[in-house]
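Below is one structure; the comments refer to it alone.
The values are calculated or read from the model by the stated rules, or taken from the named source; none is laboratory data. Every value quoted in this text rests on a predicted model; they were computed, and no experiment measured them. All Cβ positions, glycine included, derive from the backbone under ideal geometry; neighbour counts span all protein chains shown.
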Amino acid sequence: MKEGRSRGFYILAVFFAAYVLFLYGPMIAIYILSFQGPQGGLTFPMNGVSTYWLSKLFQGTGIIDLGASFRRSLLLGIVVMAITVVLSVAAGMAFRRRFRAQSILFYSAIASLIVPSIITSLGISLEFRIIDDLIKAHLSDRFETSMGLLTSGLGAHLTWTLPFGLLIMFAIFNRFDPRLEEAARDLGATPWQTFRYVVLPIILPSVIGIGLFGFTLSWDELARSSQAIGPVNTLPLDLQGLTTTVTKPDIYALGTIISAVSFVVIALALGTIHILTKRQASKGSDAGKGLV
Amino acid sequence: MTSASDDILHQTAPGLARGSDTARRGKTARLSPSFISWLQAGPMMLVFLAFFLIPLGFVVVVSFWDYNEYQLLPAFSGRGYTDTFEGCIAQLPDLCTIGKTYVKTLKLCFLVWAITLFIGFWVAYFLAFHVKSRTWQMGLSLLCTIPFWTSNVIRMIAWIPLLGRNGLVNSGLIGAGLINQPIEWLLYSEFSVVLALVHLFTFFMVVPIFNSMVRIDKSLIEAAYDAGASGLQTLVNVIIPLAKPGIVIGSIFVITIVMGDFITIGVMGGQQIAAAGKIIETRLNALQFPAAAANAVILLAITFMIITMMSRIVDIRKEL
């Protein structure tokens, strides 16, 4: 191997830079265009600079109630995040021992990840429709529907976020040193104490990563929500509906707002992870630094 | 520990003995390991059962139900399937609608797969072998991951100001005098669908391939170089075989996503391009649930076949 930078490095570096530009370029274009002047259209050039379209969104003068969808998506995202974190960490712990039905759970997660979203979504909607029919037939005629944001919608989102959470847990525990737990046990810690004071602090940065995945995947989820969300809409569904009708930059403004929330969450999560890892690096191990 | 040694322990090191008492009390109250495993894994299993496995069962069952204009009729019928394959035998040797749709879906799938594999492989290669510092490696990986955490629809509509009739590309080309009239096929076409799918899902290729590549022992590459292998020979005979698990996993992700996609194809194709996922959506909008379910079963079967073929090449479980 040659030392220093080879020709291949420069070719690939340019290729990589082009890929990054391809990833970010179009997104940046619409963030700029959402500051279009009041007379501006859907494309460049900018026709003046203003916050007209952004403020129009907040005034709620649009066709749909975006504020309500915004709050619904936020609520769902937070609930999905919390459940994803708790269930993934728990199941991740379980996978460190052998247990029956282990492979069933593993393959369910993988299948849930790769079965086309529309099929899962259709299945959930059929399931709830049949439940509805049963309730109407046997319990109450006036019953409307059991489908909704926090029933079928929540379930649909979890089938998408939990596999990611579980796979991240696998990655964490592949690198986890079980001797740390043995040491805790030898010192008389109960299983709960071992988890709470030894395992959890070590895996915490990655657990925040799972939360980040849980929230952002739910916040932007579309395909699974499409059939399973019930009578109300989430923000991405509203946005998708607008793509066919809107000819004004409000769609970019909405896109910018949704992305802004994503970026705030990403920044918060990454910042926390950074601080935690730093703290671990400075205070984590005192091996070899003891008095004896 | 025997009681004699316990006594000694109590006398010599009371603190330590207290610890072992706590441990013992813990032990008597401790639940059996398999019960704990169930407690830990059970909730996730229940979610998959209620919102994935049972729904999947309903899709299969309902695909054999009958239907009319406004409701499901729980009686056995093959109508969902016969409606789907209507005219397929009569029109032979020409392809019927469903046949044409699947050919088009597979074509899109193949194009997107080939392009994402090419881009994903070289991006992962760059990150794994050319970026030496850990910090840079993490920073650049993060740069590739952040768009994945933002909305897909936004990343689709982001192409409109670039590719539209009056978009940047067209006005640029006209300005440069290369064309006289705007190119129409840039947006709402198969081109824009493939472009958007590549834009959205190359990430799914980069991650597993990168994962396989960082695990390759660098000394193997040096050994190949010392044994006189050229760069290309090292790539073909050492790196690609060792990165194969990542390539297969990435391919499975991309192929299954594109096979079932209806949103990207809808938005970027101007709702004009038929695809496997789009048929299901159309049937659903017409409230023909058994027909939609039948199409879902067909799509599932084809996707499953593709995955089985690919997973013959690699054991997914071992790669995690």
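Identification of helices (runs of 4 or more DSSP H) wholly contained in segment B:126-170 with 3 or more residues that are assigned by TED's automatic domain parsing to the domain that holds B:A243 and modelled with pLDDT of 85 or more yields B:134-145, B:152-157. Helices (runs of 4 or more DSSP H) fully within segment B:20-93 that include at least 2 residues being at pLDDT 90 or above: B:33-48, B:54-62. If you go through segment B:171-182 and keep only what is out of contact with any Lys or Arg (no Cβ under 9 Å at 6 or more places or on another chain) and either outside any loop (DSSP other than H, G, I, E, B) or closer than 26 Å to B:V267 by Cβ (or both), you end up with B:S171, B:G172, B:L173, B:I174, B:G175, B:I179, B:Q181. Contact map, segment A:218-241: residues that are without any contact (Cβ under 8 Å) to a residue 40 or more places away in the chain paired with residues that are in a helix (DSSP H, G or I) and among the acidic types (D, E), Cβ distance under 6 Å, separation 6+ or inter-chain. No pairs are found. Tell me, please, whether a residue that is out of contact with any Gly (no Cβ under 7 Å at 6 or more places or on another chain), small (G, A, S) and within 26 Å of B:F289 (Cβ to Cβ) can be found in segment A:204-227. Yes. Looking at segment B:238-277, which of the residues that are more than 25 Å from B:M309 (Cα to Cα) and not β-branched (V, I, T) is nearest to the other protein chains (Cβ to nearest Cβ)? Once the filter is applied, the top-ranked residue is B:Q271.
With respect to B:A301, determine if the residue is away from chain A (no Cβ under 12 Å) and hydrophobic (A, V, I, L, M, F, W, C). Judged against the criteria, B:A301 is not a match. Taking the conditions exactly as written (assigned by TED's automatic domain parsing to the domain that holds B:S151, over 22 Å from the mean Cα position of the chain (by Cα) and either buried (at least 24 other Cβ atoms within 10 Å of the Cβ) or more than 24 Å from B:E190 (Cα to Cα) (or both)), does B:Q288 satisfy them or not? Criteria met by B:Q288. Cβ-Cβ contacts under 6 Å between residues 6 or more apart (or on different chains), taken from a first residue in segment A:80-103 that is touching a residue at least 12 places away in the same chain (Cβ under 8 Å) to a second residue that is assigned to a helix (DSSP H, G or I) and hydroxyl-bearing (S, T, Y), are listed as A:V80/A:T161; A:V80/A:S218; A:T84/A:T161. Within segment A:132-152, can you find the residues that are under 30 Å from A:F95 (Cα atoms) and touching a helix residue (DSSP H, G or I) at 6+ places or on another chain (Cβ under 6 Å)? A:S152 - this is the single residue of segment A:132-152 that is under 30 Å from A:F95 (Cα atoms) and touching a helix residue (DSSP H, G or I) at 6+ places or on another chain (Cβ under 6 Å).
For A:A82, the conditions (1) under 20 Å from the mean Cα position of the chain (by Cα); (2) closer than 27 Å to B:R283 by Cβ; (3) surrounded by fewer than 14 Cβ atoms within 10 Å (Cβ to Cβ) are fulfilled apart from (2).
Filter segment A:13-47 down to residues that are outside any helix (DSSP H, G or I), buried (at least 21 other Cβ atoms within 10 Å of the Cβ) and either among the polar types (S, T, N, Q) or touching a Phe, Trp or Tyr at 6+ places or on another chain (Cβ under 6 Å) (or both), then give me how many there are. The number of residues fulfilling the criteria is 3.
When B:A229 is tested against (1) within 8 Å of chain A (Cβ to nearest Cβ); (2) farther than 30 Å from A:A171 by Cα, just one condition goes unmet, and that condition is (1).
Taken across segment A:136-143, residues that are touching a Phe, Trp or Tyr at 6+ places or on another chain (Cβ under 6 Å), of a type in the set (D, E, K, R) and within 7 Å of chain B (Cβ to nearest Cβ) do not occur at all.
Among the conditions (1) crowded, with 20+ Cβ neighbours inside 10 Å; (2) aliphatic (A, V, I, L, M); (3) within 23 Å of the chain's Cα centre (by Cα), B:I240 misses just one, which is (1). If you take the residues of segment A:116-129 that are more than 7 Å from chain B (Cβ to nearest Cβ) and out of contact with any Lys or Arg (no Cβ under 7 Å at 6 or more places or on another chain), which of them is nearest to B:A292 (Cα to Cα)? Only one residue tops the list, namely A:S125. Scanning segment A:207-253 for residues that are of a type in the set (V, I, T) and either at the interface with another protein chain (Cβ under 9 Å from one of its Cβ atoms) or under 11 Å from the mean Cα position of the chain (by Cα) (or both) yields a total of 5.
What's the total number of residues in segment A:164-188 that are within 9 Å of another protein chain (Cβ to nearest Cβ) and either among the basic types (K, R) or touching a Ser or Thr at 6+ places or on another chain (Cβ under 8 Å) (or both)? The qualifying residues number 5. Per this entry, A:M147 is counted among residues that are outside any helix (DSSP H, G or I) and either at the interface with chain B (Cβ under 10 Å from one of its Cβ atoms) or among the aliphatic types (A, V, I, L, M) (or both).
Counting residues in segment B:61-69 that are among the charged types (D, E, K, R), more than 25 Å from A:G165 (Cβ to Cβ) and touching a Ser or Thr at 6+ places or on another chain (Cβ under 7 Å) gives one or more.
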